[in-house]
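Report on the structure given below.
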Amino acid sequence: MPTTSEPNNPRPGPLGVSIISGEPVEPEADPFGVVCPSSGDPIPDRFHSASAGQVNDAANSAWRAFHQARDRTEDDRATMLELIARRISGMGEAITDRAHLETGLPENRLEAELNRTTSTLELFAKVVREGSWKRIAIDPPEPKRRPSPRPGIRRALVPLGPVAVFGSSNFPLAYSTAGTDAASALAAGCPVIIKGHPLHPGTGELVAQAVSGAVRDAGFPPGWFSFLHAGGGREHAVGVELIRHPCVRAAGFTGSFEGGTALARLAADRPDPIPLFAEMGSVNPVFLLPGSVETEPRGIAQHLARSISIFAGQQCTKPGLIFLVQGPTCEGCVERLVQELDATPPTPMLSAGIRQRYLRSLLRVIDTPGVRVLLGDPASIRKTSQRVPDNQPTHEKPVLLRTTEAVFVEQQVLHEEIFGPAAVIVECKDPEGMLRCAGIIQGSLTGSLFLANTDLDLAQALSGVLTMRVGRIICNGVPTGVEVGYGTVHGGPFPATNRPDTTAVGPFALERWCRPVAFQNTPPALLPPELRDENPTGRYRIVHGKLTREAVSHRRHGSAGPG
Ligand code: NAP
């Protein structure tokens, strides 16, 4: 079967089948469809889930490819990442148009997401070439040491093997088929098998066409990348089979708490448990300190309103809890926030299912004694939440709720993520109340502090508490919008993730797909290329316990170009 992304085909489109080892495969399972969330109209294309045999083929091919391509250099992999970025950019409009149709996300947001995806691939290519991410360390031998000679030890990170990636519904590009999990695994030297998300199967397949083409251009074995559709009767099955497959050595997930914990349990229950890195729900608390509310009520309200409501609140970093200290000055800020949110037009949610889930979680909070609705219509929320038909637009307007510190402390439901355009204001009695609340929030991706000069003491105390509870602390800014760089941390304590020791975004994400191996007294011919003396790329030498950085060399080793 030809792929529709070949240069002589002007408008690439999905074929509705999985791509295994670079080739579209024959349909074997019942087809499933997808609905456009902004209109409620079914999209005409049909997609075929991967069969159990096809899951097996993809995993076995990835395993074979991993062993066949062990001699590929860092430069080869960097070239592959750059070629992926180039192919995705080349198909940019077809990809963003399709993603717009399938997710209802606006075109300009999808263009920005596509740019972030390609620039992350390019950044990872640089990181791979530079080499220090491998944490190479060399202890030279000391044959004359007494009482016993000291052996030479060389240490580096080595890739784990094939990685399964579960893309997210809310970021069809940056956290999906060629998103941060897939890109970091490919960069680290691991073949990747994507479990496509059933809400944007066409988008996933188009990106997979681009990635498969680039893998081939870079001269890697085709099994290095596969994309499996999953939906309809095989919705959970494809993912479960992947996690259980002996050739899959690690997995990345972005989605719900239930999905992430279920898959993490499966990964841990294997006869040979594998790591699964799950990014799940996050409440992203925001603390409005008294001085800042007094000096900047209007600006803070504007920023917060946009951050809560943008893309219908379907962002893992959406601010869900807003803490302030009661008093006349905070009322102006709250009033302004209500006005700003009220002026926001209804925005489509990603699917009828996600909308229903949102309305039901919202209702649980609204029905909690001590919670007031500042913006929103509880009767309509209650009625719609009973049954959300999937042949109607999924638009929702923002909702703002308010409660007190005492209720927040008592009611567990207020501590959970509401995935949608809603936030809860928590009114604290005094600054100490803010500190008490900060100490009991669930583990989160982010925590934000709005502060003025007069707030420094309280800000310092809050920052200390938040360091234990979140992955990123933001001052005088909103949590939405993740800047990708070396310093990025997109992670946090449970339940934001199941692995607080790492990040899903930025160069440090590569380490997740590796483990350290030490080579003791090993002759050069047996060492991985990056540990040999002729390749001093990005590594550290430890002599008598003193760490020194070696000069970085950008020498190329057998780079594979297009063709
Ligand atoms: P999801 O239901 O967790 O699904 C994510 C992926 O995991 C899908 O590919 C799904 O595959 C798979 N999956 C989920 N549970 C599984 C299980 N028990 N066994 C095997 N595979 C499983 O997330 P979603 O569809 O993206 O959105 C649903 C809800 O997740 C949202 O309403 C929201 O609450 C939450 N969410 C949170 C974030 C965040 O960043 N915090 C992001 C996205 C979604 P199948 O569909 O094929 O089963």
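Read-outs throughout are calculated quantities, based only on the coordinates presented, and are distinct from any laboratory measurement. Note that the structure is a prediction, hence the values are computed from the model and not measured. With ideal geometry, Cβ positions are generated from the backbone for all residues, glycine too; neighbour counts draw on all protein chains shown.
Helix 297-309 and the longest principal axis of the C-alpha atoms of the chain enclose an angle of approximately 60°.
Could you compute the net charge surrounding residue 479? Neighbours are other residues with a C-beta less than 9 Å from the C-beta of residue 479; K and R count +1, D and E count -1. The partial results should precede the final answer.
Working: positive: 318, 472; negative: none.
Net charge around residue 479: +2.
Computed from label points 7 Å out along Cα-Cβ, the spacing between residue 43 and residue 11 is 1.5 nm.
Each pair of Cα atoms in the range 103-261 enters the Kirkwood radius, and Stokes-Einstein at 10 °C and 1.306 mPa s then converts it into a translational diffusion coefficient of 91 µm²/s. Amide H contacts of residue 286: 321, 322, 323, 448, each under 5 Å away and 5 or more positions distant or on a separate chain (H built 1.01 Å from N in the peptide plane; Pro and chain starts excluded). Between the amide H of residue 470 and those of 444, distances stay under 5 Å, these residues lying 5 or more places away or on another chain, with hydrogens modeled in the peptide plane.
Highest mean first, the peptides 376-389, 99-112 sorted by other C-beta atoms within 10 Å per residue fall in the order 99-112, 376-389. Across the range 430-440, rounded Karplus estimates of 3J(HN,Hα) from the backbone phi angles (6.51 cos²θ - 1.76 cosθ + 1.60, θ = phi - 60°) give 7, x, 4, x, 4, 5, 4, 5, 4, x, 10 Hz, Gly and Pro being marked x.
Work through the residues other than residue 174 whose Cβ is under 9 Å from its Cβ and net out their charges, Lys, Arg +1 and Asp, Glu -1.
Working: positive: 116; negative: 113.
Taking every other residue near residue 174 into account, the sum is 0.
For the chain, the calculated P(r), taken from all Cα-Cα distances in 10 Å bins from zero up to the bin holding the longest distance, is 4, 17, 26, 24, 17, 9, 3, 0, 0 percent.
Determine the relative contact order of the chain: mean sequence separation of Cα pairs under 8 Å and six or more apart, normalised by residue count, in whole percent.
Working: 1309 pairs, mean separation 106.0, N = 563.
Once divided by the residue count of the chain, the mean separation gives 19 percent.
How charged is the neighbourhood of residue 310? Take every other residue with its Cβ under 11 Å from the Cβ of residue 310, and add Lys/Arg as +1 and Asp/Glu as -1. My count for the surroundings of residue 310 gives +3. Exposure proxy shown here: for 467, 454, 117, the number of other Cβ atoms within 10 Å sets the order, fewest to most, as 467, 454, 117.
DSSP assigns beta bridges within the chain; of those with both partners inside it, close to 40 percent run antiparallel. Under 5 Å between amide hydrogens, built in the peptide plane, is the criterion, and for residue 45 it picks out nothing among residues at least 5 positions away or on other chains.
If you count the DSSP beta bridges with both ends in the range 286-483, what percent of them are antiparallel, to the nearest 5? Write down the numbers at each step before the final one.
Numbers: 5 of 27 bridges.
Bridges in the range 286-483 that DSSP calls antiparallel: roughly 20 percent.
Under 10 °C and 1.306 mPa s, how fast does the range 286-483 diffuse according to Stokes-Einstein, given a Kirkwood radius computed over C-alpha pairs? Answer in µm²/s, whole number. Roughly 94 µm²/s, to the nearest whole number. Listed values for the range 472-480 are Karplus-derived 3J(HN,Hα) couplings in whole Hz (6.51 cos²θ - 1.76 cosθ + 1.60, θ = phi - 60°), namely 9, 10, 10, 9, 6, x, 8, x, 5, and x replaces Gly and Pro.
Stretched out fully, how many nm does the piece from residue 406 to residue 132 gain, at 0.36 nm a residue minus the Cα gap?
Once the chain is fully extended between residue 406 and residue 132, it gains 93.7 nm.
Principal-axis analysis of the Cα atoms of the chain puts helix 74-90 at an angle of about 50° to the longest axis.
Pairwise over distinct Cα atoms, reciprocal of the mean inverse distance: report the Kirkwood radius of the range 408-461 in Å, one decimal place.
Working: mean 1/r = 0.0778 Å⁻¹.
12.9 Å is the Kirkwood radius here.
Rounded to the nearest 500 deg cm²/dmol, what is the calculated helix-only ellipticity per residue at 222 nm for the chain, with -39500 (n - 2.57) per DSSP H run of length n ≥ 4? Write down the numbers at each step before the final one.
Working: 16 runs with 203 residues, N = 563.
Here the helix-only value at 222 nm equals -11500 deg cm²/dmol.
Ranked by the mean number of other Cβ atoms within 10 Å of their residues, highest first, the peptides 217-224, 143-150, 257-264, 358-365 fall in the order 217-224, 358-365, 257-264, 143-150. Each residue of the range 328-337 was assigned a 3J(HN,Hα) from its phi angle through the Karplus curve 6.51 cos²θ - 1.76 cosθ + 1.60 (θ = phi - 60°); the sequence is x, 5, 6, 4, x, 5, 5, 4, 5, 4 Hz, with glycine and proline shown as x. At 7 Å along Cα-to-Cβ for each site, give me the label-to-label distance between residue 387 and residue 235 in nm. In this crude spin-label approximation the distance works out to 1.8 nm.
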